[in-house]
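The values are calculated or read from the model by the stated rules, or taken from the named source; none is laboratory data. The model shown is predicted, which means the values in this text are computed figures rather than measured ones. Cβ placement follows ideal geometry from the backbone for every residue including glycine, while neighbour counts extend to all protein chains displayed.
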Amino acid sequence: MSATANVTKVDFYEVLSVSRDASDQELKTAYRKLAMQYHPDRNPGDTAAEDKFKECSEAYQVLSDPEKRAAYDRYGHAAFNGSSSGAGGPFGGGGFGNAQDLGDIFGDLFGEMFNMGGGRGGRSSRVQRGRDLRYDLTLEFEEAVFGVEREIKVRRSETCPDCHGDGTAKGKQPVTCSQCGGRGQQRYQQGFFSVARTCSACGGTGTLISDPCQTCHGETRVQSEHQILVKVPAGVEQDTRIRYQGEGESGRFGGPAGDLYVVLNVKAHKFFERDGDDLHCVLPISFPQAALGTELEIQTLEGAETIKVPEGTQSGREFKLKGKGVPHLNERGKGDLIVEVRVQTPAKLTRQQKDLLRQLGETMEVENTPTSRGLFDKVREIFN
Ligand SMILES: [Zn+2]
Ligand SMILES: [Zn+2]
C-alpha cells in the first residue's frame, strides 16, 4: 500500500449509523451528534477526526437532499459519478461536497455556535482550509483488475507564489479593519446573550488589503494546473475512491490544502462480470458436447485455460477456476473465475439433422413429470 493512496468506499447510511428508511429528523440528529464529536474545532490537529467529520458531512449532504438521496438509494455512489465526460473530466458530478457546501450545511445546523467566543479567535478565521476536489477517472476493466498508473492534470487554486498567501503587494501591509477595529467580530445584544458575528467588512480577518498583490489581486491564491501520478492498486472496483491528502485546493491566506479524491469509474468487460473479486461468464455448449463430454478452451484475463466438461453435463453447471479472478484489494490472494455452461437448443436444423434427432429421440425416455426447483437445481453444483 502506498503512503498517500488511501482507498475507501463507504455507505452513506453506515457513515451516519442510521437505517435506510431513516427520517429527515433522524438523519439530522445522527449527523449533528457525529459532527459535534468530530468537529475540527474540538479535535485540533486530529486528522482522523477531521476525516470522520468530512465523511459524515458528505453523507449528510447527500441524504438530507431528497433528490440526491433518491438517486443514491437507486444507484449508490455511482449516482454522482456520471455528469462529467468520462476520463479526464475535471471534478465533475455534484456528488461530493466541496468545503463550501459543507460549510453551508454546517451553518444551517449549528448557526454561529462555533464562532461565538470560544474556539478559535476572530483573527485566525482568516486562514481557511482549501476545498476538497474530485476527479473522475475512467478505467478499462483490466486496468481495475491489475492496477495501473495514470498521469492526471488537476486544475486547482494554489497559494500565490508572489505574496505567499498574504494578498498584499510587495512591501505593503494589510491595514486594520475600521468596522471591527481589527477584532474580526462585531458583538450585538440578543435577548440575554451577547452574540458575536463575523465582521462583514473584513470577513473575520480583522484586516483589509489596501494594496492588493498584482498577481492574485488580493485573492491570495492563483489557478494552476498540476500533474499527479495516480497509482491505482490491483482489485479496485466501481466507485472506489483514492484520497490524495493535501492535493486539493490550497486554503486562503496560506491555509492548509484540501484533499483530492480520485473516484474510479470502471468500464464493463465484453463478457466477464464481477461479483466482488470473483469473475463470472457464461459459455454456450451444444447438446452433443454436454452429453458426450468435451474439453473447451476459455480466454481468462491471464491467458487460455482448459475446462473439462464431463459426460452428462447439465445446462447451468458451473465450473470454478480457482485464483483466476480479481486480486483482493490491498491483500494477498485472488478471487475465482466461475464459468457457467449453458446447453443451447438448436433453433435451425437441416432435414438431415432433424432425422438424426428423431432417431435419437426414439431411443430416449424422459419422464415429463413436474419436479421441484430445489431438486432440479441440484445439478447446478459447482465443479472445481
Ligand atoms: Zn498574490
Ligand atoms: Zn472587520
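Couple of notes before you dig in:
- In the range 219-254, residue modelled with the lowest pLDDT [restricted to those that are small (Gly, Ala, Ser) and surrounded by fewer than 19 Cβ atoms within 10 Å (Cβ to Cβ)]: 254
- In the condition set (1) away from ligand 1 (no atom under 16 Å from the Cβ); (2) out of contact with any Phe, Trp or Tyr (no Cβ under 8 Å at 6 or more places or on another chain), residue 243 is compliant with all but (2).
- Yes/no for residue 202 being surrounded by 15 or more Cβ atoms within 10 Å (Cβ to Cβ), within 41 Å of the chain's Cα centre (by Cα) and either more than 9 Å from ligand 1 (Cβ to nearest atom) or under 30 Å from residue 330 (Cα atoms) (or both): yes
- Selection count where residues are in a strand (DSSP E or B) and more than 17 Å from residue 345 (Cβ to Cβ), scope the range 272-291: 7
- Filter result for residue 354 (assigned to a loop (DSSP other than H, G, I, E, B), free of Cβ contacts under 8 Å to residues at least 24 places away in the same chain and either not assigned by TED's automatic domain parsing to the domain that holds residue 146 or not basic (Lys, Arg) (or both)): no
- The numbered conditions (1) under 30 Å from residue 50 (Cα atoms); (2) within 16 Å of ligand 2 (Cβ to nearest atom) are all true for residue 210 except (1).
- Filter result for the condition that a residue is surrounded by fewer than 16 Cβ atoms within 10 Å (Cβ to Cβ) and under 30 Å from residue 345 (Cβ atoms), over 300, 294: 300
- Considering the conditions (1) surrounded by fewer than 17 Cβ atoms within 10 Å (Cβ to Cβ); (2) assigned to a loop (DSSP other than H, G, I, E, B); (3) more than 16 Å from ligand 1 (Cβ to nearest atom), residue 195 is excluded by exactly one of them, (2).
So that you can scan it fast, the table gives a plain yes or no per residue for (1) surrounded by fewer than 16 Cβ atoms within 10 Å (Cβ to Cβ); (2) away from ligand 1 (no atom under 16 Å from the Cβ); (3) modelled with pLDDT of 90 or more; (4) closer than 30 Å to residue 278 by Cβ:
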position: 134; (1), (2), (3), (4): no, yes, yes, yes
position: 149; (1), (2), (3), (4): yes, yes, yes, yes
position: 160; (1), (2), (3), (4): no, no, yes, no
position: 171; (1), (2), (3), (4): yes, no, no, no
position: 187; (1), (2), (3), (4): yes, yes, no, no
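- Cross-chain or 6+ apart pairs with Cβ under 8 Å, the range 64-76 first and closer than 21 Å to residue 264 by Cα, then crowded, with 17+ Cβ neighbours inside 10 Å and of a type in the set (S, T, N, Q): 68/61
- Residue within the range 222-235 that is assigned to a loop (DSSP other than H, G, I, E, B), over 30 Å from residue 279 (Cβ atoms) and of a type in the set (Ser, Thr, Tyr) present: no
- For the range 175-186, filtering for residues that are over 39 Å from the mean Cα position of the chain (by Cα) and either at positive phi or more than 12 Å from ligand 2 (Cβ to nearest atom) (or both) leaves 2.
- For residue 165, the requirement of being assigned to a loop (DSSP other than H, G, I, E, B) and under 25 Å from residue 131 (Cα atoms) is met.
- Residues (closer than 25 Å to residue 309 by Cβ and out of contact with any helix residue (DSSP H, G or I) (no Cβ under 8 Å at 6 or more places or on another chain)) located in the range 329-349: 334, 335, 336, 337, 338, 339, 340, 342, 347, 348
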